[in-house]
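Report on one structure; see the data block that follows.
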Amino acid sequence: MVVRSAPSRERPLEIISQAFRDLTHRVDQGEKKVSAPLKQIRLAEREVMPPVQRVHEALHPSVAFVIMPLFALANAGVNFHGAQLSDAAVVPVVYGVVMALVFGKPIGVVLATFHLVRTGLCKLPEQVTWRGVILVGLLAGIGFTMSVFIAGLAYDDDRLLAAAKLTVLCASSASAVVGLLWGLFNFRKPASR
């Protein structure tokens, strides 16, 4: 909490005040180009924050999307050595994991939601569409940590366990890509003119 109360520079407040005056003047004059004062406000807004908070916000994406997933992967005990997905003994495991994560979870989420809405036990919130429910179902296939944990409980054979872990990683990645593509094509904002 001490970090949040660290002092910041006061000059950005003057910049914001001037940018607001400039913005108001441009709007009053009927100008359509107001991007320059808006950029000044955005930059000054950033400068008002304490330096430690700016560093925190700058590092957050790399920590959340790179470091933490790598940390989870390293600590999940996933060993790619010895994982032979073409081995006849592991093929059923591979198919089972892919079917469960890529197809089973999305179908389960969508059908369960449909059933609950259809029976009147619940209703979709106002801004939620069935395309959004399908997106949630597709993204539900990203099941890394719990799937690896269950695989560890289910398989004693090291070959089967290694194949299951590798397939969980691949199937979760496939679910993420399919969900991302679904989201991009179904929730694209129209281009502003």
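Here ASP87 meets each of (1) touching a residue at least 12 places away in the same chain (Cβ under 8 Å); (2) of a type in the set (Asp, Glu); (3) more than 30 Å from ASP157 (Cβ to Cβ) with one exception, condition (3). For the stretch 112-130, the criterion of a residue being under 27 Å from ALA72 (Cβ atoms), surrounded by 12 or more Cβ atoms within 10 Å (Cβ to Cβ) and in contact with a Phe, Trp or Tyr (Cβ under 9 Å, 6 or more places away or on another chain) is satisfied by no position. In this structure, is VAL136 farther than 25 Å from PRO69 by Cβ and not basic (Lys, Arg)? For VAL136, the condition - farther than 25 Å from PRO69 by Cβ and not basic (Lys, Arg) - is not met.
Regarding the stretch 125-136, can at least one residue be identified that is assigned to a helix (DSSP H, G or I) and under 30 Å from ALA88 (Cα atoms)?
No, there is no match, as no residue in the stretch 125-136 is assigned to a helix (DSSP H, G or I) and under 30 Å from ALA88 (Cα atoms).
Out of LEU85, LEU73, one residue alone is at pLDDT below 95, among the aliphatic types (A, V, I, L, M) and outside any helix (DSSP H, G or I). It is LEU85. Considering the stretch 9-36, and only residues there that are closer than 21 Å to ARG54 by Cα and among the acidic types (Asp, Glu), the residue that is modelled with the highest pLDDT turns out to be GLU14.
The values are calculated or read from the model by the stated rules, or taken from the named source; none is laboratory data. Here the structure is a predicted model, which is why all the values come from computation and not from measurement. A quick note on method: Cβ atoms are made from the backbone with ideal geometry, for glycine too, and the neighbour counts reach across all protein chains shown.
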